[in-house]
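Q: Sharing a structure here in structure tokens format.
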Ligand code: GLU
């Protein structure tokens, strides 16, 4: 299947919110598809009804859309290979299980769960592990050990059964992974996995292979946790006599300390989200934080995830990639084999970068939303001006409020330490003079205000700090913020003078 159109799929099970590792799998699939002019498909693997979680599918779709990695075909976006939910395809799998039985690659197994439990315990008591495969399947209750009449009788009587794959007894399997290269697995260690369950539903293994085949998937790019299933999957392709897609198993995402897989509870424990969007667990009422709600931009998340296990290679030091650049640069050869440490600091660093790149009009709209909640309203151009002044130090839209609330309302308090330092006995007199200067200043542009104030300072021979510090304290309430003349010019003459008077009053 190396010729023809590249088709990849992201195949999550809707068992809860999509973990950030799942988003990375989706992203790599998307990048690979777009790089090769192919299709990116979303398939919902919901055959396990017991683990189905309401709202999880919507969450997955919303996450992909938010990250700007939309799929070309999927549940509400049908192409030629639908339906895209396995629950809607459930009538199609039995036929394939039957084909494997007919070709001698699978068999009926009637062992009850009690019997299997008994075998397991029995083995355990002897210090062994029970594996249902070639070495004992002739002794168990299945269509390999029973006679044709016995089998027919059981089936007619409606006795529950599963269909198991008949894995080869002694064969060295040569497997290939696009990231890990060649691997060998001895077939004798494989168990005869259940392909079809007694409830009439296929297992993951059967449904996954049948669907990948029917959906003409050329490359299976998925998490490392599926590597142990690779041998079975390759054997299934062989048993069906289907062309095998190429496989690539992505490395694990590790905890920031580097030990162990990043789990869904790690984030909130360590103070960063591990989910793209916030998720409220309907059953427990627990809320898991999400990058979107924490104010991160989708560009940040895509960039951060892309570099979590991939690099452009060739000694490139480049770290900031737009999605288009990622599509251009991405290749499976440069995905690393080893796990990648999750780095929340680095995520913040990317976020700061994308804040600098962000469209100021859009930022102004988002800031407007925050201000609205505080019953404050300003013109778009005013907000853009403030954003321009603060952006260099900001990472999140909320920072504009947190760092620059004085642009939107007069300070209510003055930093005590700063006031002690800046507000001296002579300050009220200086401020009175300054108010007079400003009242007489018609053109309140930054440069003009600066010019007026500075020439007065020089002509009077007052120390610079004696003016500037109380000036800043009056406007901001603390010794922080951008150039104080910029602040004065931005909030305007009236407001500047009013704040100076206010400070006179309050800092007496
Ligand atoms: N449904 C599997 C999962 O939830 C898909 C694994 C695969 O991509 O083959 O991860």
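Read-outs throughout are calculated quantities, based only on the coordinates presented, and are distinct from any laboratory measurement. Computed from a prediction, not measured in an experiment: that's the story for all the values here. Note that each Cβ is placed from the backbone with ideal geometry, even for glycine, and that neighbours are counted across all protein chains shown.
Q: Among the residues of the stretch 320-337, what is the count of those that are touching a residue at least 24 places away in the same chain (Cβ under 8 Å) and within 19 Å of residue 357 (Cα to Cα)?
A: Matching residues across the stretch 320-337 total 3.
Q: So, residue 15, is that one within 12 Å of the ligand (Cβ to nearest atom), surrounded by 23 or more Cβ atoms within 10 Å (Cβ to Cβ) and more than 18 Å from residue 73 (Cα to Cα) or not?
A: It is false that residue 15 is within 12 Å of the ligand (Cβ to nearest atom), surrounded by 23 or more Cβ atoms within 10 Å (Cβ to Cβ) and more than 18 Å from residue 73 (Cα to Cα).
Q: If you don't mind, another one. Looking at the stretch 34-52, which of the residues that are touching a helix residue (DSSP H, G or I) at 6+ places or on another chain (Cβ under 9 Å) and free of Cβ contacts under 8 Å to residues at least 40 places away in the same chain is nearest to residue 203 (Cα to Cα)?
A: 52
Q: So, one more: Could you grab the pairs with beta carbons closer than 6 Å, sequence gap of 6+ or different chains, first residue in the stretch 10-23 and farther than 14 Å from residue 41 by Cα, second one part of a strand (DSSP E or B) and more than 10 Å from the ligand (Cβ to nearest atom)?
A: Within 6 Å, the pairs are 17/275; 17/279; 21/253.
Q: Separate question: Can you tell which of 22, 55 is more than 16 Å from the ligand (Cβ to nearest atom) and out of contact with any strand residue (DSSP E or B) (no Cβ under 7 Å at 6 or more places or on another chain)?
A: Of 22, 55, the one residue that is more than 16 Å from the ligand (Cβ to nearest atom) and out of contact with any strand residue (DSSP E or B) (no Cβ under 7 Å at 6 or more places or on another chain) is 55.
Q: Also, quick follow-up: Counting residues that are over 30 Å from residue 294 (Cβ atoms) and either in contact (Cβ under 8 Å) with a residue 24 or more places away in the chain or within 16 Å of the ligand (Cβ to nearest atom) (or both), which strands (runs of 3 or more DSSP E) fully inside the stretch 186-282 reach at least 3?
A: So the answer is 194-196, 246-250.
Q: Restricting to the stretch 12-50, name every residue that is within 15 Å of the chain's Cα centre (by Cα) and outside any helix (DSSP H, G or I).
A: If the condition is that a residue be within 15 Å of the chain's Cα centre (by Cα) and outside any helix (DSSP H, G or I), then 12, 16, 17, 18, 19 are the ones that fit.
Q: Can you tell me how many residues in the stretch 51-69 are under 16 Å from the mean Cα position of the chain (by Cα) and part of a helix (DSSP H, G or I)?
A: Total satisfying the criteria: 11.
Q: Output the residue which, of all residues in the stretch 27-45 that are near the ligand (Cβ under 10 Å from one of its atoms) and touching a strand residue (DSSP E or B) at 6+ places or on another chain (Cβ under 6 Å), is farthest from residue 330 (Cα to Cα).
A: It comes out as 44.
Q: Has the stretch 335-344 got any residue that is part of a helix (DSSP H, G or I) and touching a helix residue (DSSP H, G or I) at 6+ places or on another chain (Cβ under 9 Å)?
A: Among the residues of the stretch 335-344, at least one is part of a helix (DSSP H, G or I) and touching a helix residue (DSSP H, G or I) at 6+ places or on another chain (Cβ under 9 Å), which makes the answer yes.
Q: Going by what's in this entry, would residue 162 be described as under 35 Å from the mean Cα position of the chain (by Cα), on the phi < 0 side of the Ramachandran plot and surrounded by 15 or more Cβ atoms within 10 Å (Cβ to Cβ)?
A: No; evaluated as a whole, the condition is false for this residue.
Q: Output the number of the condition that residue 65 fails; it satisfies all remaining conditions of (1) within 16 Å of the ligand (Cβ to nearest atom); (2) surrounded by fewer than 21 Cβ atoms within 10 Å (Cβ to Cβ); (3) under 27 Å from residue 342 (Cα atoms).
A: (1)
Q: Please verify whether the stretch 462-481 includes one or more residues that are on the phi > 0 side of the Ramachandran plot, part of a loop (DSSP other than H, G, I, E, B), crowded, with 20+ Cβ neighbours inside 10 Å and in contact with a helix residue (DSSP H, G or I) (Cβ under 8 Å, 6 or more places away or on another chain).
A: Taking every residue of the stretch 462-481 in turn, at least one turns out to be on the phi > 0 side of the Ramachandran plot, part of a loop (DSSP other than H, G, I, E, B), crowded, with 20+ Cβ neighbours inside 10 Å and in contact with a helix residue (DSSP H, G or I) (Cβ under 8 Å, 6 or more places away or on another chain).
Q: Among the residues of the stretch 365-376, what is the count of those that are exposed (fewer than 11 other Cβ atoms within 10 Å of the Cβ) and farther than 15 Å from residue 397 by Cα?
A: 1
Q: When you scan the stretch 393-440 for helices (runs of 4 or more DSSP H) that lie fully inside it, which ones turn up with 3 or more residues that are without any contact (Cβ under 8 Å) to a residue 40 or more places away in the chain and farther than 20 Å from residue 462 by Cα?
A: Fully inside the stretch 393-440 and qualifying: 397-404.
Q: Turning to a different aspect of this structure: Can you tell me which of 167, 145 is assigned to a loop (DSSP other than H, G, I, E, B), buried (at least 19 other Cβ atoms within 10 Å of the Cβ) and more than 16 Å from the ligand (Cβ to nearest atom)?
A: From the options 167, 145, the qualifying one is 167.
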